[in-house]
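Down below is the structure, laid out as structure tokens.
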Amino acid sequence: MKQDINILAIESSCDETAAAVVRNGRQVLSNVISSQIELHKLYGGVVPEIASRKHIEKINQVVTEALKQAEMTLPQIDAVAVTYGPGLVGALLVGVAFAKALAFGAGKPLVGVHHIEGHISANYIEHPELEPPFLCLVVSGGHTHLVKVADYGAYEILGQTRDDAAGEAFDKVARAIGLGYPGGPKVEMLAKEGNPQAIPFPRAKLEDGPYDFSFSGLKSAVLNYLNGAQMREEQVCRADVAASFQQAVSDVLVQNLIRGVETFQIQKAAIAGGVASNQTIRKAAEAACRERNCQFYYPSPIYCTDNAAMIGAAGYYEYIAGTRHDWSLNAVPNLKLGERQ
């Protein structure tokens, strides 16, 4: 195998059209992201049909710019990696169709990548010393997973959400207290002004799934608190609501992560996904790991939210493991981690 492997990666699972060139799974030569956040703000959340149309408009420009910034041409690329699930089916189809056409036209191998595997692999980009095995807490708008990373491409899901993902709960609570979309960053900002102990919101603990998560009860508790205050015509401190809600989410996430660390006696843990950029959650996880002499890893915020560099990192390890997809590769919106098409 040649010394350097250059992967052109494409990500379009939700509302970011992204492309990147990644060398050897760790070195990012370019990372271009066209975000649709300002557009979807008008609707209070992502509108799938609009997202798909915007991907079609932007994907050629984004891929061209990624190659330009990396100072590379298609003949210098070793493989094309693309997210094929999970995600919004229309959005995924745009990226998959473009990647297949590009790989076919350039005569390059096609490597389909699982979106969550990409989030986990984001940690490899800035931590060259990180090697499996380790535990990874994947927390985003659509996913909340505790994953045991046994090896590159080898994953065991220890726990996952039974209902709302953590990021989804952030968005719904943000909407309830009048913050708008996207909820995560806005709740975090407002929470800095509040008391995280002001309101005793519940922390779900599932006896039949010690590593599973549930946030629908917490979300309902926040809504009930707001409705009760409104009925009693009481003034609500939105900052206290935001801080208390955020603290409840943080406590549950960190509790499950640490339970996994102690049970499996793994001395390396990581966090990934959009919610991983939340400073309260990240600092709590880091402090809890430090107390147990467990090394803690996390990506920079740019690699927490959806991006193609993380797909390039995951795609590299899939490529060297021999993963290849043919032209029948399709979008799989409910793809489970570890499943293969």
(request) Could you check, for segment 180-194, whether at least one of its residues is surrounded by fewer than 18 Cβ atoms within 10 Å (Cβ to Cβ), in contact with an Asp or Glu (Cβ under 6 Å, 6 or more places away or on another chain) and at negative phi? (result) no
(message) Give all pairs with beta carbons closer than 7 Å in which a residue from segment 65-88 that is within 16 Å of residue 5 (Cβ to Cβ) and touching a residue at least 24 places away in the same chain (Cβ under 8 Å) meets a residue that is in a loop (DSSP other than H, G, I, E, B) and among the hydrophobic types (A, V, I, L, M, F, W, C); count only pairs at least 6 apart in sequence or on separate chains.
(response) 78/5
(request) Scan segment 296-328 residue by residue and report those that are surrounded by 16 or more Cβ atoms within 10 Å (Cβ to Cβ) and free of Cβ contacts under 8 Å to residues at least 60 places away in the same chain. (result) 296
(message) Tell me the residue from 276, 229, 308, 284 that is in the same structural domain as residue 206 (by TED's automatic domain parsing) and at pLDDT 95 or above, please.
(response) 284
(request) State which residue is nearest to the chain's Cα centre (by Cα) when the search covers only segment 66-90 and only residues that are within 14 Å of residue 19 (Cβ to Cβ) and part of a helix (DSSP H, G or I). (result) 66
(request) Go through (1) buried (at least 22 other Cβ atoms within 10 Å of the Cβ); (2) under 21 Å from residue 89 (Cα atoms) one by one and return the number of the condition residue 270 breaks. (result) (2)
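State all residues of segment 168-220 that are among the hydroxyl-bearing types (Ser, Thr, Tyr) and either in a loop (DSSP other than H, G, I, E, B) or within 18 Å of residue 277 (Cβ to Cβ) (or both); if no residue qualifies, say none.
Kept after step one, since they are among the hydroxyl-bearing types (Ser, Thr, Tyr), are these residues of segment 168-220: 181, 211, 214, 216, 220.
Scanning segment 168-220 gives 181, 211, 214.
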(request) Kindly provide the set of residues from segment 204-222 that are over 23 Å from residue 258 (Cβ atoms), among the aliphatic types (A, V, I, L, M) and in contact with a helix residue (DSSP H, G or I) (Cβ under 6 Å, 6 or more places away or on another chain), ordered by number. (result) 222
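Determine which member of the set 184, 159, 167, 217 is touching a residue at least 60 places away in the same chain (Cβ under 8 Å) and touching a Pro at 6+ places or on another chain (Cβ under 8 Å). So that I can check it myself, show each step before the final result.
Numbers: 184 fails: touching a Pro at 6+ places or on another chain (Cβ under 8 Å); 167 fails: touching a Pro at 6+ places or on another chain (Cβ under 8 Å); 217 fails: touching a residue at least 60 places away in the same chain (Cβ under 8 Å).
From the options 184, 159, 167, 217, the qualifying one is 159.
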(request) Working carefully through the options 247, 341, 295, find the one that is modelled with pLDDT under 95 and over 19 Å from the mean Cα position of the chain (by Cα). (result) 341
(message) Among the residues of segment 110-160, what is the count of those that are surrounded by fewer than 22 Cβ atoms within 10 Å (Cβ to Cβ), closer than 17 Å to residue 276 by Cβ, touching a Phe, Trp or Tyr at 6+ places or on another chain (Cβ under 6 Å) and not hydrophobic (A, V, I, L, M, F, W, C)?
(response) 2
(request) Search segment 242-262 for residues that are surrounded by 20 or more Cβ atoms within 10 Å (Cβ to Cβ) and pair each with any residue that is in a helix (DSSP H, G or I) and of a type in the set (S, T, N, Q) when their beta-carbon atoms are under 8 Å apart and the residues are at least 6 apart or on different chains. (result) 246/280; 247/280; 250/280
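Each row is one residue, and each column tells you yes or no for (1) closer than 19 Å to residue 92 by Cβ; (2) surrounded by 22 or more Cβ atoms within 10 Å (Cβ to Cβ); (3) small (Gly, Ala, Ser); (4) in contact with a Lys or Arg (Cβ under 9 Å, 6 or more places away or on another chain).
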position	(1), (2), (3), (4)
7	yes, yes, no, yes
15	yes, yes, no, yes
20	yes, yes, yes, no
23	no, no, no, no
41	no, no, no, no
71	no, no, no, no
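Would you pick out the residues in segment 273-289 that are polar (S, T, N, Q) and either surrounded by fewer than 21 Cβ atoms within 10 Å (Cβ to Cβ) or under 15 Å from residue 145 (Cβ atoms) (or both)? Before you say what the answer is, go through the steps one by one.
So the first thing to find is which residues in segment 273-289 are polar (S, T, N, Q), and the list is 277-280.
Selection gives 279, 280.
The values are calculated or read from the model by the stated rules, or taken from the named source; none is laboratory data. Note that the structure is predicted; figures quoted are calculated from it, not measured. Virtual Cβ from ideal backbone geometry, glycine too; neighbours counted across all protein chains shown.
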